[in-house]
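The values are calculated or read from the model by the stated rules, or taken from the named source; none is laboratory data. Quick caveat: nothing in here was measured; it's all calculated off a predicted structure. Positions of Cβ are generated from backbone atoms using ideal geometry, with glycine treated the same way; all protein chains shown enter the neighbour counts. Surface accessibility is based on the protein's heavy atoms, side chains included, excluding ligands, DNA and RNA. Shrake-Rupley method; radii C 1.70, N 1.55, O 1.52, S 1.80 Å.
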Amino acid sequence: MDALNSLKIALIQTSIYWENPEKNRNSLSKKIALLTTDTDLIILPEMFTTGFTMNPSNIDKNQGEVTLKWMQKIAYKKQTAITGSILFFEDNTYYNKLFFVFPNGTYTTYNKRHTFTLAGEDKVYKAGTKKLIVDYKGFKICPLICYDLRFPVWARNTENYDVLLYVANWPKQRITAWDTLLKARAIENMSYCIGVNRVGVDNSGYEYIGHSATYDTLGNEICFSADEEILHTTIHKKHINETRNKLKFLEDRDTFTL
């Protein structure tokens with residue numbers, strides 16, 4: 001398969017030390033060091049430096065910038081893109097912010113649109129208002145965060161993106177919804193859909209069992225795991241083009257604005 005039309009991706013399904021950015025960065029650095037040099041994109045879970053905390057004031061406000069610099073260093077050293085969301089403080093406001101860092105250190109961001117009201121995230125973190133489409137190595141990638149998965153209109157493929165990507169802290173008791181909705185988002189948007197979840201138990205007692213996965217444009221499972229590990233997957237532009245040319249379902253989508 002032509003390397004120019006494929007993307008090699010590492011999904012890091014990891015446990016997260018509670019509200020301890022330095023310890024999480026050190027742990028992830030060791031995992032990332034094991035990756036081969038031909039990885040094109042590394043995906044980390046939601047809030048990968050703290051866990052899904054509703055007490056951002058427990059974290060030094062400069063830790064977001066420290067983590068961004070860490071991501072830039074990883075990207076440059078490994079010559080790969082890296083993405084994941086972190087607790088980030090700016091403009092006197094807290095965000096659940098995803099960074100997509102390119103190999104040259106430049107980056108773009110997405111603020112979680114649907115803050116998780118069940119946990120009170122809406123009262124602590126400011127919601128985003130703009131969808132992000134990342135152009136990377138010939139692929140258009142739409143990164144979203146956890147609770148966004150439950151809202152198909154926000155994920156709707158009006159930009160003809162190739163990859164829908166979710167980073168999450170999605171607990172065990174609702175894992176069936178995670179599995180089902182990832183596959184549904186792939187099928188309805190005729191795109192690859194990748195979900196990266198964490199494992200372990202957080203400080204609130206919630207258990208996470210991973211189920212990170214990649215699904216193709218027809219909803220077929222490419223990779224899946226419930227264990228703490230790095231999953232590897234390769235996606236192909238040829239698959240997207242062939243499926244969409246044969247099954248022109250996206251051409252029949254309804255037209256409306258959000």
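Can you list residues whose amide H is under 5 Å from ILE42's amide H, if they're 5+ apart or on another chain and H is modeled 1.01 Å from N?
Here the answer is ALA10, ALA81, ILE82, THR83, since their amide H atoms fall under 5 Å of that of ILE42.
Give or take rounding to whole Å, what are the principal axis extents of the alpha carbon atoms in the chain, in descending order?
Taking max minus min along each principal axis of the Cα atoms, the chain gives 52, 39, 34 Å.
So, for the chain, what is the accessible surface per residue at a probe of 1.4 Å, expressed in square angstrom?
The answer is 45 Å² per residue.
Just to confirm my numbers, what's the Cα centroid distance between region 181-223 and region 127-144 in Å?
Centre-to-centre (Cα) distance: 17 Å.
Relative to the first principal axis of the alpha-carbon coordinates of the chain, what is the inclination of helix 237-246, with its axis defined by its Cα atoms, in degrees from 0 to 90 and to the nearest 10?
Result, in degrees: 50.
How many times 2.2 N^0.38 Å is the alpha carbon radius of gyration of region 113-217?
Region 113-217 yields a ratio of 1.07.
In what sequence, largest accessible area first, do LEU118, LEU35 appear using a 1.4 Å probe?
Output order, biggest surface exposure first: LEU118, LEU35.
Amide H of SER212: which non-local residues (sequence gap of 5 or more, or other chain) have their own amide H closer than 5 Å, using H built in the peptide plane?
Close amide H contacts, sequence-distant or interchain: ASN197, SER225.
Could you work out the relative contact order of region 15-97, using alpha carbon pairs under 8 angstrom and six or more residues apart, expressed as a whole percent? Kindly include the intermediate steps, with their values, before the conclusion.
Details: 103 pairs, mean separation 29.3, N = 83.
About 35 percent, as a whole number.
How large is ³J(HN,Hα) for each residue in region 55-67, as worked out from phi by the Karplus curve 6.51 cos²θ - 1.76 cosθ + 1.60 (θ = phi - 60°), to whole Hz, x for Gly and Pro?
Each residue's phi maps through the Karplus curve to give 10, x, 5, 6, 10, 4, 5, 7, 5, x, 5, 4, 5 Hz.
Percent relative contact order of the chain, based on C-alpha pairs within less than 8 angstrom and at least six residues apart?
In percent, rounded to a whole number, it is 20.
Would you list, by chain and number, the lysines whose Cα falls below 18 Å from the Cα of LYS183, excluding same-chain residues fewer than 8 positions away?
By straight Cα distance, LYS183 reaches LYS172.
In whole percent, and with a 1.4 Å probe on the protein chains, what portion of the accessible area of the chain is carbon and sulfur?
Ligands and nucleic acids excluded, carbon and sulfur reach 49 percent.
Rounded to whole Hz and in sequence order, give me ³J(HN,Hα) for region 133-143 from the Karplus expression 6.51 cos²θ - 1.76 cosθ + 1.60, θ = phi - 60°, writing x for Gly and Pro.
My calculation for region 133-143 gives 10, 9, 9, 8, 6, x, 10, 9, 10, 10, x Hz in order.
Mind giving me the nanometre distance, one decimal, between the label points for ARG174 and GLU228, set 7 Å out from Cα along Cα→Cβ?
It is 2.4 nm.
Where does each of 135-145, 240-250, 68-78, 221-231 land if you order them by average Cβ count within 10 Å, highest first?
135-145, 68-78, 221-231, 240-250
Have a look at region 1-117 and give its Rg and Dmax from the Cα atoms, expressed in angstrom.
Every Cα atom of region 1-117 included, Rg and Dmax give 14.3, 48 Å.
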